[in-house]
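The values are calculated or read from the model by the stated rules, or taken from the named source; none is laboratory data. Just so it is clear, the structure is predicted and the values come from calculations on it, not from any experiment. A quick note on method: Cβ atoms are made from the backbone with ideal geometry, for glycine too, and the neighbour counts reach across all protein chains shown. Accessible surface areas use protein heavy atoms only, side chains included; no ligands, DNA or RNA. Shrake-Rupley method; radii C 1.70, N 1.55, O 1.52, S 1.80 Å.
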Amino acid sequence: MSALAAATGSVNLGQGFPDVDGPAEVIERAAQAMRDGANQYPPGIGIPALREAIARHQQRHYGIALDPATQVVVTTGATEGIAAAMLGLVEPGDEVIVLEPYYDSYAAMIQMAGGVRVGVPLRAPAFRLDADELRAAVTPRTRVILLNTPNNPTGAVLTRAELAAVAEVAIERDLVVVTDEVYEHLTYGVEHVPISTLPGMAERTVTLSSIGKSYSLTGWKVGWATGPSHLVGAVYAAKQWLTYASGAPLQPAAAFALDELPDWPRALAADLRRRRDLLCAGLADLGLAPTVPDGSYFVLTDVSHLGWDDGDTFARALPHRAGVVAIPVQGFYGSDVGRHLVRWTFTKLDGVLTEALTRLASVDLRA
Ligand SMILES: Cc1ncc(COP(=O)(O)O)c(C=O)c1O
């Protein structure tokens, strides 16, 4: 859709990347690290300074104690963390339960590992987890529950009660939980709870995150997997055959960001919350009443009441009709449950958001 945005001169509210880069001093650290010679292969598991900074981050924000030598591995973005977790933990034929809608790489990575994806749909408009549906999805072949909170694309943040329901099933059926928490700091008035902090979960949870969303450095692709050493070791074993090691000069800069600018992501979240409100209010004025998201970069709208058969048809027509790009949500579900939904990002400058809203207001959005 970004190519379509460029070809049609559209305002791109499709792909989620910020218009403004992260902290200048973090970027300068990376440049300095290059000048200082951090240009050859770093340790595959990640440089000690970054693994220690990640362990301190987990302690500072959530009270999670980790041994940086054995319970932290640096990955090439959370994307590699997802791939390595699936390849390292899923055997061919194992079932992986995924809450739908899910970030699109999950389906591909489960398939690459030879796993079988079993979806548990979360339905518009609230996208809450039905614990009975989760329980019913577990079979003797289930090995992993894969979570994403705050969620892309819904913006929903799993509540403590929902996480407790997941934990109960995981413990009862002896399952591993892999949790993608890349938007951990981007919540708007609700608490982000890492499932690994729930009783009995630290020993069965791999937590994934990255520098990209928290520090507006999405192009850096520096991420991490944390958890018990036997699970993190499996992730690391797979990572060795994916990238072997991750960007040398970016690692000290990421460590600097985590250690020295721990409050930067919260300030970003406050700003994003304002932009979320701007976009949501504008969409509501256009008759596209959104579910106001509690986290992430994204808001979803239902386009069926404008007469569209599905979000895909709407999103393909929109650049030509209004000069705006949004993303259909069908591809984030394994079923038809989300076919009427379209995703918009608000991680853009105010002027970009208002330009998109002005363009949308100037045309007839009905099918
Ligand atoms: C839920 C989710 N997980 C992972 C990623 C990728 O993270 P990274 O850029 O660190 O690879 C994204 C990026 O959009 C995402 O939305």
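Residue count for the range 65-74 under the criterion of being within 16 Å of the ligand (Cβ to nearest atom) and either assigned to a helix (DSSP H, G or I) or in contact with a Lys or Arg (Cβ under 6 Å, 6 or more places away or on another chain) (or both): the result is 1.
When you scan the range 44-64, do you find a residue that is assigned to a loop (DSSP other than H, G, I, E, B), closer than 30 Å to R173 by Cβ and at pLDDT 95 or above, even just one? Step through it out loud before you land on a result.
Looking only at the range 44-64, we keep the residues that are assigned to a loop (DSSP other than H, G, I, E, B), and these are 44-47, 63-64.
Retained after the next criterion (residues that are closer than 30 Å to R173 by Cβ): 63-64.
If we keep only those that are at pLDDT 95 or above as well, we get 63-64.
Looking through the range 44-64, at least one residue is assigned to a loop (DSSP other than H, G, I, E, B), closer than 30 Å to R173 by Cβ and at pLDDT 95 or above.
Is one or more of the residues making up the range 166-177 more than 15 Å from the ligand (Cβ to nearest atom) and under 25 Å from D277 (Cβ atoms)? Within the range 166-177 (the criterion being more than 15 Å from the ligand (Cβ to nearest atom) and under 25 Å from D277 (Cβ atoms)), the answer is no, since none of the residues qualifies.
The conditions of being open to solvent by 30 Å² or more (accessible area, probe 1.4 Å) and more than 13 Å from the chain's Cα centre (by Cα) are met by E133. Scoring L146 on the criteria (1) within 19 Å of the chain's Cα centre (by Cα); (2) closer than 19 Å to I211 by Cα leaves a single failure, condition (2). Of the residues making up the range 293-333, those that are under 16 Å from the mean Cα position of the chain (by Cα) and open to solvent by 10 Å² or more (accessible area, probe 1.4 Å) number 5.
Do we find a residue being in a strand (DSSP E or B) and over 30 Å from Y333 (Cβ atoms) anywhere in the range 92-108? Break it down stepwise before answering.
First, the residues of the range 92-108 that are in a strand (DSSP E or B): 95-100.
Going one step further and asking which of them are over 30 Å from Y333 (Cβ atoms), we end up with none.
So far as the range 92-108 goes, no, none of its residues is in a strand (DSSP E or B) and over 30 Å from Y333 (Cβ atoms).
Residue pairs whose Cβ atoms lie under 6 Å apart, separated by 6 or more positions or on different chains, with the first residue in the range 1-13 and under 13 Å from W344 (Cβ atoms) and the second of a type in the set (D, E, K, R) and surrounded by fewer than 22 Cβ atoms within 10 Å (Cβ to Cβ), are V11/E355.
For A30, are the conditions met, namely being under 23 Å from S216 (Cα atoms) and within 16 Å of the ligand (Cβ to nearest atom)? Step through it out loud before you land on a result.
Details: under 23 Å from S216 (Cα atoms): yes; within 16 Å of the ligand (Cβ to nearest atom): yes.
Against the criterion (under 23 Å from S216 (Cα atoms) and within 16 Å of the ligand (Cβ to nearest atom)), A30 qualifies.
Annotation note: Cβ proximity below 7 Å between a residue of the range 91-108 that is within 11 Å of the ligand (Cβ to nearest atom) and a residue that is small (G, A, S) (sequence gap 6+ or interchain) occurs for P101/G338; D104/G331.
Which one of these is in a helix (DSSP H, G or I), open to solvent by less than 50 Å² (accessible area, probe 1.4 Å), closer than 29 Å to R141 by Cβ and more than 16 Å from the ligand (Cβ to nearest atom): G88, G81?
Working: G81 fails: more than 16 Å from the ligand (Cβ to nearest atom).
G88 is the lone residue from the list that is in a helix (DSSP H, G or I), open to solvent by less than 50 Å² (accessible area, probe 1.4 Å), closer than 29 Å to R141 by Cβ and more than 16 Å from the ligand (Cβ to nearest atom).
Candidates are the residues of the range 334-367 that are open to solvent by less than 10 Å² (accessible area, probe 1.4 Å) and assigned to a loop (DSSP other than H, G, I, E, B); the one that is nearest to A124 (Cα to Cα) is G338.
For the range 35-78, a residue qualifies if it is open to solvent by less than 30 Å² (accessible area, probe 1.4 Å) and of a type in the set (S, T, N, Q), and the qualifying residues are Q58, T75.
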